[in-house]
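Written out below as structure tokens is the structure these notes cover.
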Amino acid sequence: MTFKLATRLLCAAAMSIVLAGGAQAEDKVVKIGVILPMSGSTASIGAHAKAALEVATDIINNAHPELDKLPLAKNAGLAGLGGAKVEIVIADNQGSPATGQNQALRLITEEKVVAILGAYQSGITLTSSAIAEKYGIPYLTPESVAANLTERGFKWFFRTTPIAPDFVRIYDEFLTDMKAAGAKTDTIALVHDNTEYGASVANTIATGFKAKGRTGVIDVAYAVNATDVQAQVLQLKEKKPDVVLMISYTSDAILFAKTMQSLDYKPPMLLADDAGYSDPSFIKAVGKLSQGVFNRSSWAVGPAGSPSAVIADMYKKKSGEEMEDTVGREMQGFFVLVDAIDRAGSTDPAKIQAALKATDIKPEQLIMGYKGVKFDEKGQNVLASAYIIQLQDGENYVSVWPKGNAEKAPVMSYKGW
Amino acid sequence: MSFVLVQVIVGGLLLGAVYALFSSGLTLVWGMMNIVNFAHGDFVMLGMYVAYVVYTLMGGGPIVGAPLAVLVLATLGVVVYFGLIRDIMKGPMLAQILGTFGLALLLRYSVFWWFGADFKSLPQNIVGGTYAVAGLRLEASRLLAGVVALLVTLGLHLLLTRTSLGSKMLAVAEDATAAQLMGIRPDTMQAIAWAIAAGATGLAGALIANFFYIVPTVGETLGIVAFVTVSLGGFGSVPGALVAGLLIGVIESLSGYLIGAVYKDIVVYILFLFFLWFRPQGLMGKM
Amino acid sequence: MRRLLWLSVLAAVAIAYPLLLSSPFQQRLGALVLLYAIAASAWNIVGGYAGQVSVGHVVFFGCGAYAAMGAYAKFELSPLFGIPGGIVIAVVLAAVIGVPTLRLSGHYFSMATIAVAETMRLIVTNTDYLGAAVGLSGPTVARNIFDLSFISSLPYYYLFLLVLAITLVITWWMANSRMGFYLRAIKDSERAARSLGAPARRTKLYAFMLSAALTSVAGALYAMMFGFVDPESGLGILISVKILIMAALGGAGLLFGPLVGAAILVPLEEISNSVLGGKGAGLTFVVYGAIIVLIARFQPGGILSLFKRRSKPASEAGAPHAP
């Protein structure tokens, strides 16, 4: 009986794949594949990114004159392709590099997508982009920061997000400014997990800081998804660093905030490297215990009526969450990719690739705080950048640095709870 | 001994008590029925979500959440026993792994489907802040979990050794056929054991929710700790699980502080393997 | 005679499959089925025939995967050169792990193998030489055919089919040799087997080592196909469980059990993910979990035991024995 059920399910599933495959013959629809973690422990990011991409698709496919500074927003559809509409096909990578690669193959060969956006986790971006490279399909990652991704000599691979060397520059400049304003920044504790993200970012920051003459770096590593972090907080309490830099995913970020409160530890300055600290669930869970935390973000809401404020509104209506850096970078990467398709005026992969290479987007055309988008020969955006934001009231981040973009002045001492 | 080290050890003991708390249910069914429950971590997760729902819907703390979690999970335990366990128990050990792993996915992703993947959390201090005793910081929610762990261990131990229900359950565990000949119904006894085990696990989840984060995949993180605790303590030994839990908690805390947190799990696993070499039946298990 | 007929039909279907269903995704699905069938068949030797339920087989899988990627990443060799190295490491490791752990019975053995696997994963995660958490990647653009980096899944498919055939022949030969006889005796009752003069501990160890060697090959092939290995995908406990579940679902201790299990679970997983995964509601795993539960509930001996029971007297049908 169960076997019959399984067979039936398989047949039904197989049929729907065939049907979905047949539907692509319709013209005037440009399909873009998106690979995201939709299940497993990072699934909340996938869910938020999905909502953001749906908002972005709406902006592109329908007329939005209020956003006329952004490419593609003003008119309905892609002008370069005779008003063609964009459709996203989302695939779940299940947190596995193997599944990510299988899904990339399916998106390319079954769904006939013209380009792929993905895949959040760097390891999965690595395997899934290898398939795109073999098939000659443009692949853009808006999120993955691992250094080796752009070192493979790929011709079809592009990355819009800032990466670890950019973080070093941003933190160094920020800390220099804070020091000038009176904060102590001599000893810096790097608290990070042992995942590919945590370990490699911490490593780059430690070496980068050393090169810039910052010698007082303390390394505090822990295993990801920890059941307990009391020992680490006590270590920090004992070593008394001037700045604690947190490189953590949401689960551990929440646990650290709770444990710091229960052990009554407040560092003079708490600085977070995006990731968990940008997650809206972090703010809902422990925002009130983390008042005054600084965070890296390329996203800032901006004044009312600005494109970013309009988009933040649309996103909130769609998902019920506040817009934040991670989904913002996802959305920005998508806009860059679709803009290239529009400029290519064709769905021919080679033309899209050429258009991506010729990308030169100005800061005012962006929703994120990059200084523009321009790819080097390796496919890395050389103008990627970020702000520093602060959770002053425990509910909403405000941008506080650099000065030119600041909504409020930074509050120096960490308040906590 | 430095003062910080005392705080590390006390923190480790409180953590260990929590490990013991969510392992006691597992050791009960594992010992009594020789069944591997791969869904155990997800039972803890369900207990946490019961506490979360109680808080968001009624604003209730653990006084309401914990008993409700016991009730909900005990019911689920009985349902799972009659719907799945009773049949796969008769099969090979592999069928148990297969069935309970499938159950784990089913529970985890049903919760995922209903609540989404976002991290949830109960307000800090829902139980009542942090005490400073002679400079030591003791969090009320962890103390509560620790005290309940001791009570549950004691209660289960007394139940098994001092009551007629306990002796009946043990008789079934020893030899179901013989027990049946003496007029004990194995089905009933085993269903009761599942209700108690699942109830205790739900209680653990509801109490952990007070100081941990809540997410559908949290069972993965906690499940494997429970496995190690139970095998170290000896399958079926409730006091063994308590001792093993405390031991693991202190070892993790100390090695996390002295050697580095990325190595603390390695230390626990290697000690566990060494231990198995000398005492394959666990700390307090019988041969 | 009838068996031979079935066997040739199976072989013909296996050879013809990628030619009949020629879309790249279907071909890849076929290759994945064979790949998991190799790993599950290798596990079957110790987990099915000898009845020692190892939940740590991913250690050997990881040996192969890391050896193959290491050969490329560290020495610029073809990943193929990593296979013998991976086998040697896996066999030595199996001996080192097996001697102490195979003394343990039942759940304690399973728990010990879990602990070994997790220890290995954590050690590799913190070892920079092996790429730590970042992992090792294979050749991104094939330098020559020996890099085994193809666009089409066809070469992988037939390579995996060949390795699977070899694995099954070895398993069949083992099952019908003196060793297989000993293993079955040990599975039924180790004490009885020993009192009848079977060298229980040594036989189990040999089975464990053989199983480790073949699992390592599966790991190497896996890493070559995906061009990447990291601690989670090469040493994560979930891979162990997946391998075990495929064997158990098809029928552990039966020659074709793992293949049947893989042929059901791999397409189920990939297709349900393709259809439901993008919605992000977790429905993929609700369906997947429910089907596993139903099979365990109604067919605890695995799918193949259904057919076995019909053709053989019930007493021989791998009758579930009391734990």
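For (1) modelled with pLDDT of 90 or more; (2) buried (at least 22 other Cβ atoms within 10 Å of the Cβ); (3) of a type in the set (D, E, K, R); (4) farther than 19 Å from C:HIS107 by Cβ, each residue gets a yes or a no:
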site	(1), (2), (3), (4)
B:PHE3	no, no, no, yes
B:ILE9	yes, no, no, yes
B:LEU13	yes, no, no, yes
B:ALA17	yes, yes, no, yes
B:TRP30	no, yes, no, no
B:MET45	yes, yes, no, yes
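Residue check: is B:LEU242 in a helix (DSSP H, G or I), out of contact with any Lys or Arg (no Cβ under 7 Å at 6 or more places or on another chain) and at pLDDT below 90?
no
Checking A:GLY404 against (1) buried (at least 17 other Cβ atoms within 10 Å of the Cβ); (2) not in a loop (DSSP other than H, G, I, E, B), which single condition isn't satisfied?
(1)
Among the residues of region C:89-143, which ones are more than 13 Å from chain B (Cβ to nearest Cβ), part of a helix (DSSP H, G or I), in contact (Cβ under 8 Å) with a residue 60 or more places away in the chain and closer than 18 Å to C:ALA220 by Cβ?
Result: C:ILE89, C:ALA90, C:VAL91, C:LEU93, C:ALA94, C:LEU130.
Checking the conditions here, which among B:GLY99, B:GLY41, B:GLY91 is at the interface with chain C (Cβ under 9 Å from one of its Cβ atoms), within 29 Å of C:SER54 (Cβ to Cβ), part of a helix (DSSP H, G or I) and in contact with a Gly (Cβ under 9 Å, 6 or more places away or on another chain)?
Working: B:GLY41 fails: at the interface with chain C (Cβ under 9 Å from one of its Cβ atoms); B:GLY91 fails: part of a helix (DSSP H, G or I).
It is B:GLY99.
Step by step: first the residues of region B:130-149, then only those that are over 27 Å from B:THR217 (Cα atoms) and out of contact with any Asp or Glu (no Cβ under 7 Å at 6 or more places or on another chain), then the one that is surrounded by the fewest Cβ atoms within 10 Å (Cβ to Cβ). Which residue is that?
Only one residue fits best here, namely B:ALA134.
A:GLY77 - would you say it is closer than 14 Å to A:VAL338 by Cα, out of contact with any helix residue (DSSP H, G or I) (no Cβ under 7 Å at 6 or more places or on another chain), away from chain C (no Cβ under 13 Å) and not hydrophobic (A, V, I, L, M, F, W, C)?
Here the answer is no, as A:GLY77 does not meet what is asked.
Within region B:195-239, work out how many residues are under 21 Å from B:LEU154 (Cβ atoms) and away from chain C (no Cβ under 14 Å).
Qualifying residue count for the region: 16.
Can you tell me which residue among C:GLY180, C:GLY236, C:GLY251 is within 14 Å of chain B (Cβ to nearest Cβ) and more than 30 Å from A:ALA146 (Cα to Cα)?
C:GLY251
To keep it simple, each residue is scored yes or no on (1) of a type in the set (Val, Ile, Thr); (2) within 20 Å of the chain's Cα centre (by Cα); (3) surrounded by fewer than 24 Cβ atoms within 10 Å (Cβ to Cβ); (4) outside any helix (DSSP H, G or I).
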| position | (1), (2), (3), (4) |
| --- | --- |
| A:ALA285 | no, no, no, no |
| A:TRP299 | no, yes, no, yes |
| A:MET314 | no, yes, yes, no |
| A:GLU322 | no, yes, yes, yes |
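Specify which of the listed residues (A:ILE170, A:ILE218) is farther than 30 Å from B:GLU220 by Cβ, within 14 Å of chain B (Cβ to nearest Cβ) and not polar (S, T, N, Q). Break it down stepwise before answering.
Working: A:ILE170 fails: within 14 Å of chain B (Cβ to nearest Cβ).
It is A:ILE218.
Any residue at all in region A:256-277 that is of a type in the set (Val, Ile, Thr), at pLDDT below 95 and under 20 Å from A:GLY416 (Cβ atoms)?
yes
Answer with yes or no whether C:ARG3 is over 30 Å from C:LEU183 (Cα atoms) and among the basic types (Lys, Arg). I'd like the intermediate steps shown before the answer.
Numbers: over 30 Å from C:LEU183 (Cα atoms): no; among the basic types (Lys, Arg): yes.
It is false that C:ARG3 is over 30 Å from C:LEU183 (Cα atoms) and among the basic types (Lys, Arg).
Quick one: in region A:104-116, of everything that is more than 7 Å from every other protein chain (Cβ to nearest Cβ) and surrounded by 19 or more Cβ atoms within 10 Å (Cβ to Cβ), which residue is farthest from the chain's Cα centre (by Cα)? Walk me through it before giving the result.
First, the residues of region A:104-116 that are more than 7 Å from every other protein chain (Cβ to nearest Cβ): A:104, A:107-108, A:111-116.
Right, trim to surrounded by 19 or more Cβ atoms within 10 Å (Cβ to Cβ) and you get A:104, A:107-108, A:111, A:113-116.
Working: A:ALA104: 19, A:LEU107: 22, A:ILE108: 23, A:GLU111: 25, A:VAL113: 22, A:VAL114: 22, A:ALA115: 18, A:ILE116: 16 Å.
The residue in question is A:GLU111.
Here is a check on your reading of the model: is A:LEU140 at pLDDT 95 or above and within 14 Å of another protein chain (Cβ to nearest Cβ)? Steps first, answer last, please.
Values: at pLDDT 95 or above: yes; within 14 Å of another protein chain (Cβ to nearest Cβ): no.
Answer is no for this residue.
Would a scan of region B:104-114 turn up a residue that is within 19 Å of B:ALA206 (Cα to Cα), without any contact (Cβ under 8 Å) to a residue 60 or more places away in the chain and within 14 Å of chain C (Cβ to nearest Cβ)?
Yes.
Return the residues of region A:267-296 that are hydrophobic (A, V, I, L, M, F, W, C) and within 13 Å of chain B (Cβ to nearest Cβ); say none if nothing qualifies. Working first, answer last.
Of region A:267-296, the ones hydrophobic (A, V, I, L, M, F, W, C) are A:269-272, A:275, A:282-283, A:285-286, A:289, A:293-294.
Correct list: A:ALA275, A:PHE282, A:ILE283, A:ALA285, A:VAL286, A:LEU289.
Look through region C:129-146, keep the residues that are closer than 15 Å to C:MET69 by Cβ and of a type in the set (S, T, N, Q), and return whichever of them is modelled with the highest pLDDT.
Per the stated criteria, the residue is C:SER137.
Report yes if B:ALA66 is within 13 Å of chain C (Cβ to nearest Cβ) and on the phi < 0 side of the Ramachandran plot, otherwise no.
So B:ALA66 fails the test.
So A:ASN148 ticks every box in (1) within 20 Å of A:ALA199 (Cβ to Cβ); (2) touching a Leu at 6+ places or on another chain (Cβ under 9 Å); (3) surrounded by 21 or more Cβ atoms within 10 Å (Cβ to Cβ); (4) not aliphatic (A, V, I, L, M) but one. Which box is left unticked?
Among (1) within 20 Å of A:ALA199 (Cβ to Cβ); (2) touching a Leu at 6+ places or on another chain (Cβ under 9 Å); (3) surrounded by 21 or more Cβ atoms within 10 Å (Cβ to Cβ); (4) not aliphatic (A, V, I, L, M), A:ASN148 violates only (3).
Being among the polar types (S, T, N, Q) and closer than 25 Å to B:GLY25 by Cα narrows it down to one of B:THR130, B:THR75, so name that one.
Numbers: B:THR130 fails: closer than 25 Å to B:GLY25 by Cα.
Of the residues listed, the single one that is among the polar types (S, T, N, Q) and closer than 25 Å to B:GLY25 by Cα is B:THR75.
Would region C:183-191 turn up any residue that is hydrophobic (A, V, I, L, M, F, W, C), within 14 Å of chain A (Cβ to nearest Cβ) and touching a Phe, Trp or Tyr at 6+ places or on another chain (Cβ under 8 Å)? Outline the logic, then answer.
First, pick out the residues of region C:183-191 that are hydrophobic (A, V, I, L, M, F, W, C): C:183, C:185-186.
Within this subset, residues satisfying the condition of being within 14 Å of chain A (Cβ to nearest Cβ) are none.
Among the residues of region C:183-191, not one is hydrophobic (A, V, I, L, M, F, W, C), within 14 Å of chain A (Cβ to nearest Cβ) and touching a Phe, Trp or Tyr at 6+ places or on another chain (Cβ under 8 Å), which makes the answer no.
Test A:ALA119 against the criterion of being assigned by TED's automatic domain parsing to the domain that holds A:ILE45, surrounded by fewer than 24 Cβ atoms within 10 Å (Cβ to Cβ) and under 20 Å from the mean Cα position of the chain (by Cα), and give yes or no.
Criteria not met by A:ALA119.
Listed here are the residues, each with its yes/no results for (1) among the hydrophobic types (A, V, I, L, M, F, W, C); (2) outside the structural domain of A:ALA180 (by TED's automatic domain parsing); (3) in contact (Cβ under 8 Å) with a residue 60 or more places away in the chain.
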| position | (1), (2), (3) |
| --- | --- |
| A:LYS316 | no, yes, no |
| A:MET323 | yes, yes, yes |
| A:ALA340 | yes, yes, yes |
| A:ALA355 | yes, yes, no |
| A:LYS371 | no, yes, no |
| A:VAL382 | yes, yes, no |
| A:TYR414 | no, yes, yes |
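How many residues are within 14 Å of chain A (Cβ to nearest Cβ) and either within 14 Å of the chain's Cα centre (by Cα) or of a type outside the set (Ser, Thr, Tyr) (or both) if we restrict to region B:2-38?
Total satisfying the criteria: 21.
Kindly check whether there is at least one residue in region C:266-284 that is within 21 Å of B:ILE88 (Cα to Cα) and either away from chain B (no Cβ under 11 Å) or among the hydroxyl-bearing types (Ser, Thr, Tyr) (or both).
No, region C:266-284 contains no residue that is within 21 Å of B:ILE88 (Cα to Cα) and either away from chain B (no Cβ under 11 Å) or among the hydroxyl-bearing types (Ser, Thr, Tyr) (or both).
Which residue is nearest to C:ALA94 (Cα to Cα), if the candidates are limited to region C:1-60 and must be in contact (Cβ under 8 Å) with a residue 12 or more places away in the chain and among the polar types (S, T, N, Q)?
C:SER54
The values are calculated or read from the model by the stated rules, or taken from the named source; none is laboratory data. Quantities reported herein were computed from a predicted structural model and do not represent experimental measurements. Cβ atoms come from the backbone with ideal geometry, glycine included; neighbour counts cover every protein chain shown.
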